[in-house]
Each structure stands twice: as C-alpha cells, then as structure tokens.
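Structure in structure tokens, see below.
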Amino acid sequence: STGKMGISIGMAAFHRVATVTLIHGPLHGHELNLTGLNPLPVTNAKQMRQCVLDEFTQAHWTIMAAAVADMKPIHYTSHKLPKASLSNTIQQELVPDILTELRVLKQPHQLLIGFAAQTGDIITPALEKLRRKHLDVIVANAIDQPNCGFASDTNEAVLIGSRGHQHSIPLNSKLHLAHQLLDFIGLI
C-alpha cells in the first residue's frame, strides 16, 4: 500500500476540522500532502502496531486503511545469499493483527473502521471481517479492477456498517471516497 488512501482520509477529516493523527509507513514521495495532519512515520509493522496502540486511547474514530502484511519471514540477512545457500522454502511467522488487538481495547465512545482489499467477491470476505473483528464499518474495495486499489489515484468501494447498511461508491478520486466514508461513519 502506498498510503494514498490513508492520506486522503486524513485530508478529508482535516477539511472537516478534525484533529488528525496519521500513522503511516514509507510514503514514497507523498510526504508533501500531509499539511494539517499530525504525521507519525513508521517503517515496519512492529512500529506501526506500537504507534497505533499508543495513540488509540485518544481517538474517537480509528480508520485502519494500511495494508499491513499478514506474514513475514522468520530469518533475515543483511547481505545477498549465494544461490547454493538458498532454501526451497521460506519460514514465516504471523504478523500481529493490529485491528484485532484494537477491538479488545475499544471503548463504547470509539468507532473502529477497517478496510478489506479483495479480489473477486469483495462483499463476502468483507462481511466476515466486519463480524470477526467487531468493526463499526468496513470498506470493501477491489484491488483487481482497473484504476482501483494500491498506488492508484482513484478507487471504488462498498461501505458496510455493522447493522448491515451498505453504500456503494463508484470509481472516483480517493479524496472523494474518503469524504463519502466520513459521511457514512457520521450516520452511525
């Protein structure tokens, strides 16, 4: 994930006079778009987890748009390995699920919003994630469609609330989608 959707959500909230803390990974040239946001940069999932946990108690709405890996290699090396030293398998371990941790810490006044970047059927897995992680809203977005998902300037999505209400957003700018998301959350 490039951070474009997260920045767009932060900017939409800032336009609505919200105090925004943007926890982000490497942005690859998008740093100039952080005007009015309180950026907290991190470089890996472990740092992101800790930063989110540190900031969560102060948040009213937490919107988790980052696509953090589910798995990571167990062993790293700081140098190139010769081909003869390579294994046929890569041992992996689970990356802590930040959103699952937050659902346990969530207080009644807080709203927790997640994203489900999917290929194929986007609704079924998003509904399952919404229920499993006890989210208030989930944003189901297809990453296998043209001009959608990672690195694009546009996106389309289906917003799903915990009470079953849905709102489809056709292909549009990520900033427009972010404003539509904030409107949808405000109806909860």
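The values are calculated or read from the model by the stated rules, or taken from the named source; none is laboratory data. Quantities reported herein were computed from a predicted structural model and do not represent experimental measurements. Reconstructed Cβ throughout: ideal geometry from the backbone, glycine too, with neighbour counts over all protein chains shown. The accessibility values were calculated without ligands, DNA or RNA, using every heavy atom of the protein model including side chains. Shrake-Rupley method; radii C 1.70, N 1.55, O 1.52, S 1.80 Å.
Being under 17 Å from the mean Cα position of the chain (by Cα) and of a type outside the set (Asp, Glu) narrows it down to one residue among THR119, THR89; which is it? Full working, then the answer.
Details: THR89 fails: under 17 Å from the mean Cα position of the chain (by Cα).
On inspection, the qualifying residue turns out to be THR119.
A further question follows. Tell me yes or no: at least one residue of region 130-142 is in contact with a Pro (Cβ under 6 Å, 6 or more places away or on another chain), surrounded by 12 or more Cβ atoms within 10 Å (Cβ to Cβ) and within 27 Å of HIS28 (Cα to Cα). Break it down into steps so the answer makes sense when it comes.
Looking only at region 130-142, we keep the residues that are in contact with a Pro (Cβ under 6 Å, 6 or more places away or on another chain), and these are none.
No, that holds for no residue.
Among the residues of region 143-188, count how many are open to solvent by less than 60 Å² (accessible area, probe 1.4 Å) and at positive phi.
Final tally of qualifying residues: 3.
Of the numbered conditions (1) under 22 Å from HIS167 (Cα atoms); (2) exposed (fewer than 14 other Cβ atoms within 10 Å of the Cβ); (3) within 16 Å of the chain's Cα centre (by Cα), ALA69 fails exactly one; give the number of that condition.
(1)
Considering only region 75-95, state which residues are open to solvent by 70 Å² or more (accessible area, probe 1.4 Å) and either under 14 Å from LYS46 (Cβ atoms) or in a strand (DSSP E or B) (or both).
TYR76, GLN92, GLU93, LEU94
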